[in-house]
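**Student:** Sharing a structure here in structure tokens format.
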Amino acid sequence: MVISTQFEHPYVLLLISPLILAGLYYIRKGVSKWIIISRMFILSLLIMALASPYSLGLGSVRDDAPKITVISDDTLSMDLFNKDLGKKVFDALQPKTPTKFREFAGIKSPIGDEVIGASENNNLVLVTDGNANYGKDLFDAISFVSQTGTRVFALEQKPLHNDASVEIESSKNIIIGNENVFNVVVRQAGNDLRYKLDVEIDGKSVYSDSVTQKEREKSIPITGSFTTLGSHKITAMITPATEDRFKLNNVFYRSIFVVPKPKVLAVTGDTGSPLYTITTGLYDVTTAGSLPTSLSPYKTVIIDNKGSTELNVEPLRNFVGNGGGLVVVGGQSSYDKGTYNNSPIESILPIISRAGEFKGGRNLVILIDSSGSTGLSSSIGTDSRISLIDANAISVVRNIGKDSRVGIVAFSGITRQTNLLSMGSEKNKEELENFIKEIGPKEGDNPTDLDKGIRAADELLNSVSGTKEIIIISDGFIDPKGLTQTKNTVQDLTKKDTKIQFVQILFPEEARMPSDNYDKLAKEANTDVILLYSEERLSTKIGQGPSTTPKPAETPSVTYEYPLATIDSNHFITKNINITASVTGYNDVTPKLGSDRLVATSRGKPILTTWGFGLGRVVSFTTDNGGAETSWASAVYSGENSRLISSMINWAIGDPRPKEGDVINAEDIWAGTAGRIIVTSDKQPPQVKLDGAPLELSRTGPTTYETSIDLETGDFHDLSGYGIAVNYPLEYREIGFNEKLKTVIESNGGRVYNEDEVEGLLFLDIKEKAVRTVNEPISEKEPYLLAALMVFLTEVIIRRIKDYRKDRPVIEENQPELVHIG
């Protein structure tokens, strides 16, 4: 890219004004007009050249002494590692290049804040376990500074000591009589832990067993139910038989508050369905064939297989907007089969009742350029072009959604390819990665036949339905001989709603501009070439799905099974639930912008979608109640899968406590971290006591009051009858090296090193990647000098021709010829 011409000495251009005046003076004196104009033009061009014209072009500059900041984590959890390593790295780098040293310590780990605070340097080296627990999210911080040109590196340390921590994961407020699952999570820094786990509920042992743990994190489910209302206490304690560095994180306290069964309204005509059986067993259910005018007695409304004309939407809208819950279950009379599209009920739901594209649910073919030119290496690095192309292809495979299908086509003079494989299987991902790693350019003449590769990808995509996409990763050097045919192929696929994306891999020394032929092909696909330098990866640059909307597909026949896949396993509804069921049918819908798609079929069709509406929560469950003989979803209502049903209704309910009297909301807290207390009450102000001592509340709304508490002792406490537990400091929860740190750093162009690689590879890699794109001045004198020379030569030639014609003798007509007589 080149910026418009500028002049280094613009004041020299002022000489053109007197030049013009002198020329006009001599023209008036009778000197040849055309000679004067020619000389004025020549001299003006020479003056412009004398003013030193230049333009700015983008160039790459290698920094031989890159600035580095070493960030050393010296917090308490780092006692498991060599705490001198940060200083050792600093001492190794300082003699070679300008290096700063930053260190932070204490009971909190604000690693993300430290990364942002040190990002004025181009290179950061993190010596940390990667377990941030305070301030800005570490992974967001790495992504942010990487986009501004800062490269982040880290050291993966092996712990010198092992440690174990325990935690209980569960809801705070639970319903009386219902069976609940409390997940006891045990983490370790190493990979060899033996311990005894004891769990007590209200002082009575409910679990005691010896455990051998090889994995870093293990979840042990404990089931239990309560028959009395009010606060209850759960304690989990581990007694390690192997090395355990810290003792204070071996006990965890969880306070539970048991409430009466919440009132739920079931609008259904099928009281014999599994959905109805599960619901009546867990909640205080009122059954109705249609929506009543008043919904105020209920915490949640469940609508089962009802058409839009059967629903009185206005009271439902007010109910949900003021904090009520709504669960809409599909079937043969609901959603796309119940005229929901553009109806009043659809405005409340997180879906649109018609088919559309689904993010992550796509068919993708990655075209990899394996022609001879990709075997070349960078002049200032060691990476070959094919290795960078393969790395980007692997990045896409690793980061794409579970319900996508991916195939690989390698093209050169010949093509090699895989089948389209589901990305819900780690085995399939591994198979594709191995295929990519084996791709390499052939020796000798091996041209780039992109057209053949695109047609091979099209054949793969012709075998499937749904959204279709092709990503071409190449060096951009396309054979011009076949360009016209390739253009026609790209045009044909674009008309068929196949999205094609063009990615060009660049070496650091190359200008950030696409090759001409490659750019022409991208324009035929109505897109631009994505340019990636060697340290960049495609998964952070490219869009997640096609921009075109596929044609609506018919609902599949019930004779087919569609396995379900969890899309978001961190949501309250799906966390710790292993979904193994399949459905034989579903309502064809499209998630709205802002909704959360939690469960879908392996082809990407939404099954469970949620969002917030006003103060309430809405669940769209787009398969049926599992009741009829021709039911779509009977498997979802049995065994472990049935927990999905109770979990989605519990989420819609939110806080199951009735809105009567003083309602206290307070989660258990970590020692040293302030906890927030919210009280809803009609009293002004309510009286709330912590272990008998009154708390000072601040009014934050018409009926809401808040305060915060900061307790240091780990134990149970009483908050006016509402129990609260205080546990060990958060610093001791996540222990050992965080493996996710490596993934995030590498996806943002950095690298994570082992301890023995520090002195040898770290500085060399930082130096190799210390390439900056800068604006460089490019002299533009030559065009002005050449123009002046051309004008001068033209003038000389014209004058010579005129002089020749003037000196040549002219023979008049009818003039007698002279005859010499000898």
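The values are calculated or read from the model by the stated rules, or taken from the named source; none is laboratory data. Predicted, not measured: the structure shown is a model, and the values here were computed from it. Please note: Cβ atoms are built from the backbone with ideal geometry, for glycine as well, and neighbour counts cover all protein chains shown. Note: areas computed on protein heavy atoms with side chains; ligands, DNA, RNA excluded. Shrake-Rupley method; radii C 1.70, N 1.55, O 1.52, S 1.80 Å.
**Student:** Can Ile579 be described as open to solvent by less than 70 Å² (accessible area, probe 1.4 Å), closer than 23 Å to Gly604 by Cβ, modelled with pLDDT of 90 or more and not in a loop (DSSP other than H, G, I, E, B)? Before you say what the answer is, go through the steps one by one.
**Tutor:** Values: open to solvent by less than 70 Å² (accessible area, probe 1.4 Å): yes; closer than 23 Å to Gly604 by Cβ: yes; modelled with pLDDT of 90 or more: yes; not in a loop (DSSP other than H, G, I, E, B): no.
No, not satisfied.
**Student:** Which of the helices (runs of 4 or more DSSP H) contained wholly in the range 419-531 include at least 3 residues that are in contact with a Gly (Cβ under 9 Å, 6 or more places away or on another chain)?
**Tutor:** Details: elements: 426-438, 450-461, 483-495, 516-524.
Because the criterion is at least 3 residues that are in contact with a Gly (Cβ under 9 Å, 6 or more places away or on another chain), the helices (runs of 4 or more DSSP H) in the range 419-531 that meet it are 450-461, 516-524.
**Student:** Can you pull out every residue in the range 325-343 that is at positive phi and in a loop (DSSP other than H, G, I, E, B)?
**Tutor:** Taking the range 325-343 as the starting set, the residues that turn out to be at positive phi are 331, 335, 339, 342.
Correct list: Gly331, Thr339, Asn342.
**Student:** Return the pairs, sorted by first residue and then second, in which the second residue is among the aromatic types (Phe, Trp, Tyr) and assigned to a strand (DSSP E or B), the first residue lies in the range 498-520 and is under 18 Å from Ser377 (Cα atoms), the beta carbons are less than 9 Å apart, and the residues are 6+ apart or on different chains.
**Tutor:** From residues that are under 18 Å from Ser377 (Cα atoms), the pairs are Ile505/Tyr533; Leu506/Tyr533; Phe507/Tyr533; Pro508/Tyr533; Glu510/Tyr533; Arg512/Tyr533.
**Student:** Sticking with this one: Does Val752 qualify as being modelled with pLDDT of 85 or more, of a type in the set (A, V, I, L, M), under 37 Å from the mean Cα position of the chain (by Cα) and closer than 30 Å to Ile168 by Cα? Steps first, answer last, please.
**Tutor:** Numbers: modelled with pLDDT of 85 or more: yes; of a type in the set (A, V, I, L, M): yes; under 37 Å from the mean Cα position of the chain (by Cα): yes; closer than 30 Å to Ile168 by Cα: no.
It is false that Val752 is modelled with pLDDT of 85 or more, of a type in the set (A, V, I, L, M), under 37 Å from the mean Cα position of the chain (by Cα) and closer than 30 Å to Ile168 by Cα.
**Student:** Which members of the range 82-98 meet the condition of being open to solvent by less than 10 Å² (accessible area, probe 1.4 Å) and under 24 Å from Phe246 (Cβ atoms)? Walk me through how you get there before you give the answer.
**Tutor:** Applying the first criterion (open to solvent by less than 10 Å² (accessible area, probe 1.4 Å)) to the range 82-98 yields 85-86, 89, 93, 97.
Once the filter is applied, which keeps residues that are open to solvent by less than 10 Å² (accessible area, probe 1.4 Å) and under 24 Å from Phe246 (Cβ atoms), the range 82-98 yields Leu85, Gly86.
**Student:** For Leu644, which of the numbered conditions (1) closer than 23 Å to Ile351 by Cα; (2) touching a Leu at 6+ places or on another chain (Cβ under 7 Å); (3) aliphatic (A, V, I, L, M) fails to hold?
**Tutor:** It is condition (2) that Leu644 fails.
**Student:** From the residues in the range 289-338 that are among the hydroxyl-bearing types (Ser, Thr, Tyr) and more than 17 Å from Tyr586 (Cβ to Cβ), which one is least open to solvent (accessible area, probe 1.4 Å)? Even if it seems obvious, please write down each step before you answer.
**Tutor:** Of the residues in the range 289-338, the ones among the hydroxyl-bearing types (Ser, Thr, Tyr) are 290, 293-294, 296, 298, 300, 308-309, 333-335.
Still in the list and also more than 17 Å from Tyr586 (Cβ to Cβ): 290, 293-294, 296, 298, 300, 308-309.
Working: Ser290: 66, Thr293: 120, Ser294: 68, Ser296: 99, Tyr298: 40, Thr300: 0, Ser308: 21, Thr309: 130 Å².
Result: Thr300.
**Student:** Let me ask something else. Would you check if there is a residue in the range 398-409 being touching a Gly at 6+ places or on another chain (Cβ under 9 Å), modelled with pLDDT of 80 or more and either under 30 Å from Asp588 (Cα atoms) or of a type outside the set (D, E, K, R) (or both)? Spell out how you get there, then give the answer.
**Tutor:** Going residue by residue through the range 398-409, those that are touching a Gly at 6+ places or on another chain (Cβ under 9 Å) are 400-405, 409.
Still in the list and also modelled with pLDDT of 80 or more: 405, 409.
Then keep just the ones that are either under 30 Å from Asp588 (Cα atoms) or of a type outside the set (D, E, K, R) (or both); that gives 405, 409.
Yes, there is a match, as at least one residue in the range 398-409 is touching a Gly at 6+ places or on another chain (Cβ under 9 Å), modelled with pLDDT of 80 or more and either under 30 Å from Asp588 (Cα atoms) or of a type outside the set (D, E, K, R) (or both).
**Student:** Now for a different question. Which of the helices (runs of 4 or more DSSP H) found entirely inside the range 29-143 contain at least 2 residues meeting this: in contact with a Lys or Arg (Cβ under 6 Å, 6 or more places away or on another chain) and of a type outside the set (Phe, Trp, Tyr)? Write out each step before concluding.
**Tutor:** Values: elements: 33-50, 85-93, 111-117.
Correct list: 111-117.
**Student:** It is to be established whether one or more residues within the range 455-475 are at pLDDT 80 or above and in contact with a Phe, Trp or Tyr (Cβ under 6 Å, 6 or more places away or on another chain). Working first, answer last.
**Tutor:** Kept after step one, since they are at pLDDT 80 or above, are these residues of the range 455-475: 455-462, 468-475.
Right, trim to in contact with a Phe, Trp or Tyr (Cβ under 6 Å, 6 or more places away or on another chain) and you get 472.
Within the range 455-475 (the criterion being at pLDDT 80 or above and in contact with a Phe, Trp or Tyr (Cβ under 6 Å, 6 or more places away or on another chain)), the answer is yes, since at least one residue qualifies.
**Student:** Take Ile664 and tell me if it is buried (at least 17 other Cβ atoms within 10 Å of the Cβ), more than 28 Å from the chain's Cα centre (by Cα) and part of a strand (DSSP E or B). Spell out the reasoning first.
**Tutor:** On the way: buried (at least 17 other Cβ atoms within 10 Å of the Cβ): yes; more than 28 Å from the chain's Cα centre (by Cα): yes; part of a strand (DSSP E or B): yes.
It is true that Ile664 is buried (at least 17 other Cβ atoms within 10 Å of the Cβ), more than 28 Å from the chain's Cα centre (by Cα) and part of a strand (DSSP E or B).
Per-residue answers, yes or no, for (1) more than 30 Å from Val752 (Cα to Cα); (2) out of contact with any helix residue (DSSP H, G or I) (no Cβ under 8 Å at 6 or more places or on another chain); (3) touching a residue at least 60 places away in the same chain (Cβ under 8 Å); (4) open to solvent by less than 80 Å² (accessible area, probe 1.4 Å):
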site: Glu156; (1), (2), (3), (4): no, no, yes, yes
site: Ser170; (1), (2), (3), (4): yes, yes, yes, yes
site: Glu179; (1), (2), (3), (4): yes, yes, no, no
site: Tyr195; (1), (2), (3), (4): yes, yes, no, yes
site: Ser208; (1), (2), (3), (4): yes, yes, no, yes
site: Gln213; (1), (2), (3), (4): no, yes, no, yes
site: Glu217; (1), (2), (3), (4): no, yes, no, no
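**Student:** Would you be able to tell me the number of residues in the range 470-485 that are in contact (Cβ under 8 Å) with a residue 24 or more places away in the chain, open to solvent by 30 Å² or more (accessible area, probe 1.4 Å) and of a type in the set (D, E, K, R)?
**Tutor:** Qualifying residue count, the range 470-485: 1.
**Student:** How many residues are touching a Lys or Arg at 6+ places or on another chain (Cβ under 8 Å) and either in a helix (DSSP H, G or I) or among the aliphatic types (A, V, I, L, M) (or both) if we restrict to the range 638-661?
**Tutor:** 3
**Student:** Report whether or not Phe101 is open to solvent by 30 Å² or more (accessible area, probe 1.4 Å), over 30 Å from Tyr253 (Cβ atoms) and modelled with pLDDT of 90 or more. Working first, answer last.
**Tutor:** Values: open to solvent by 30 Å² or more (accessible area, probe 1.4 Å): yes; over 30 Å from Tyr253 (Cβ atoms): yes; modelled with pLDDT of 90 or more: yes.
Against the criterion (open to solvent by 30 Å² or more (accessible area, probe 1.4 Å), over 30 Å from Tyr253 (Cβ atoms) and modelled with pLDDT of 90 or more), Phe101 qualifies.
**Student:** Of all residues in the range 119-141, how many are of a type in the set (Gly, Ala, Ser), open to solvent by 20 Å² or more (accessible area, probe 1.4 Å) and in contact (Cβ under 8 Å) with a residue 24 or more places away in the chain?
**Tutor:** Looking only at the range 119-141, we keep the residues that are of a type in the set (Gly, Ala, Ser), and these are 119, 130, 132, 135, 141.
Okay, now just the ones that are also open to solvent by 20 Å² or more (accessible area, probe 1.4 Å), so 119, 132, 135.
Narrowing further to those that are in contact (Cβ under 8 Å) with a residue 24 or more places away in the chain: 119, 135.
Residues flagged as of a type in the set (Gly, Ala, Ser), open to solvent by 20 Å² or more (accessible area, probe 1.4 Å) and in contact (Cβ under 8 Å) with a residue 24 or more places away in the chain within the range 119-141 amount to 2.
**Student:** I'm told Val152 meets every condition in (1) without any contact (Cβ under 8 Å) to a residue 60 or more places away in the chain; (2) farther than 30 Å from Thr242 by Cβ; (3) aliphatic (A, V, I, L, M) except one. Can you identify the failing condition by its number?
**Tutor:** (1)
**Student:** Anything in the range 777-806 that is open to solvent by 90 Å² or more (accessible area, probe 1.4 Å), closer than 18 Å to Ile35 by Cα and within 60 Å of the chain's Cα centre (by Cα)? List them, or say none.
**Tutor:** Met790
**Student:** Hey, could you check the range 1-49 for residues that are within 15 Å of Val791 (Cα to Cα) and among the hydroxyl-bearing types (Ser, Thr, Tyr) and say which is modelled with the lowest pLDDT?
**Tutor:** Ranking the candidates gives Ser38 first.
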